[in-house]
Amino acid sequence: MSALTLLLILIVLALLFDFLNGFHDSANIVATMISSRAMTARAALTIVALAEFAGPFILGVAVAKTVGTEVASPQALTIAVVMAALVSASLWNLITWYLGIPSSSSHALIGGILGAVALGSGLEAIHLEGVWKITLALFVSPLVGFVGGVMVMFIALFLAQSATPKANVFLNKAQIPTAIALALSHGGNDAQKTMGIITLGLLVLGFQESFVVPWWVILLSAAAIAAGTATGGWRIIHTLGGKFYRIRPIHSFTSQLTSGLVVLGASLLGGPVSTTQVVSSAILGVGAAQRRSQVRWGVMNDIMLAWLLTIPAAAGIAALLYFPLKFLIE
């Protein structure tokens with residue numbers, strides 16, 4: 001195949017992954033808003049999709065550089081590796097969406113890259129320092145989300161201890177800016193993973209000489225994740241919005257505020273975190289701060305199992321796909 005044909009196929013696969021990422025992760029942002037009846041589902045998804053589109057333009061491309069340059073040796077990141085990783089991550093997203101489990105698109109993509117690189121070039125091609133940085137961001141952020149949720153909820157309960165039921169009106173309205181902030185940070189973090197992959201393809205195929213993210217790559221990636229978000233992953237919205245405990249306005253507001261701060265901080269530092277993990281953990285932290293007995297902890301066990309399986313499962317799928325894709329490309 002020609003370099004241009006390979007680039008076009010890579011862009012299509014990357015944007016498909018980006019769309020599924022938005023489709024899969026829209027639940028993270030709108031579930032509590034819908035469950036607390038702050039907004040209708042369609043209105044929430046529309047506002048969040050617009051903010052998702054704006055995120056990459058506002059928050060820069062630090063995460064894209066992390067994904068594109070720090071996971072493995074440049075010579076190991078061939079087009080076959082990148083395509084295997086994208087297809088693997090997309091398949092895992094579809095599987096977990098069908099099961100209604102909010103898994104991590106970030107984990108899936110990183111796992112896919114690691115599996116394909118390990119099979120194609122060996123374990124020595126993997127940059128352990130970069131993998132450690134990414135793994136640290138992915139696994140520490142949920143803990144920060146949980147602890148942050150507990151702390152923010154304690155503060156909110158203290159401030160609202162003498163409030164009347166009319167406070168719910170304020171809390172419902174306050175969810176709009178917090179949801180926008182969370183969507184901006186999500187778009188600025190997750191869309192950058194796709195930008196990193198496409199830019200990597202441009203570099204490998206000889207269309208660029210250095211790792212610089214072009215404006216049109218930012219535009220396409222932002223549009224794809226926004227389109228996926230607008231479509232909405234209803235199965236996961238149901239899990240996050242109702243299966244943990246009964247979400248009220250104060251829970252929605254505090255969990256969104258916590259999640260937005262954590263993901264925003266990671267985006268600015270260049271750490272590719274899982275918004276799914278952060279939001280789920282923040283929802284749990286908020287619920288536990290009010291009453292631990294009201295949280296259905298068994299649901300979290302299922303989600304944690306999916307988190308633990310995602311990287312090895314995506315790596316395994318990518319490894320199976322690597323040689324067939326390499327044969328087709330060559």
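Please treat every number below as a calculation from the coordinates, not as lab data. Remember, predicted model here, so these are calculated numbers, not experimental data. When we count neighbours, we look across all protein chains shown, and the Cβ atoms used for this are built from the backbone with ideal geometry, even at glycine.
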TODO: For the chain, build the charge dipole from Cβ charges (+1 Lys, Arg; -1 Asp, Glu) around the Cα centre, then report which of L257, A84, L143 sits farthest towards its positive end.
DONE: L257
Task: Fewest-first sequence of M33, M39 by Cβ atoms within 10 Å of each Cβ - done: M39, M33
Open item on the list: Based only on other Cβ atoms within 10 Å, what is the fewest-to-most ordering of H127, H186?
Closed with: H127, H186
TODO: May I ask you to evaluate 6.51 cos²θ - 1.76 cosθ + 1.60, the Karplus curve with θ = phi - 60°, for each residue of segment 7-17 and list the ³J(HN,Hα) values in order in whole Hz, giving x for glycine and proline?
DONE: 5, 5, 4, 4, 4, 4, 5, 5, 6, 5, 4
Open item on the list: Tell me the mean residue ellipticity at 222 nm calculated for the chain from its helices only (DSSP H runs of n ≥ 4, each -39500 (n - 2.57), averaged over every residue, nearest 500).
Closed with: -27500 deg cm²/dmol
Task: Count of lysine pairs in segment 3-329 with Cα separation under 27 Å (8 or more residues apart, or interchain) - done: 7
TODO: Sort L328, L202, L157 so that the residue with the fewest other Cβ atoms within 10 Å of its own Cβ comes first and the one with the most comes last.
DONE: L328, L157, L202
Open item on the list: If the only charges are +1 at each Lys and Arg Cβ and -1 at each Asp and Glu Cβ, what is the size of the charge dipole of the chain around the Cα centre, to the nearest 20 debye?
Closed with: 1380 debye
Task: Which of A289, L114, A223, positive extreme of dipole for segment 3-329 (C-beta unit charges) - done: A289
Task: Residue (of P177, I95, T5) at the positive-pole extreme of the chain, dipole from beta-carbon charges - done: P177
Open item on the list: What are the extents of the Cα atoms of segment 3-329 along their three principal axes, in Å, largest first?
Closed with: 65, 36, 32
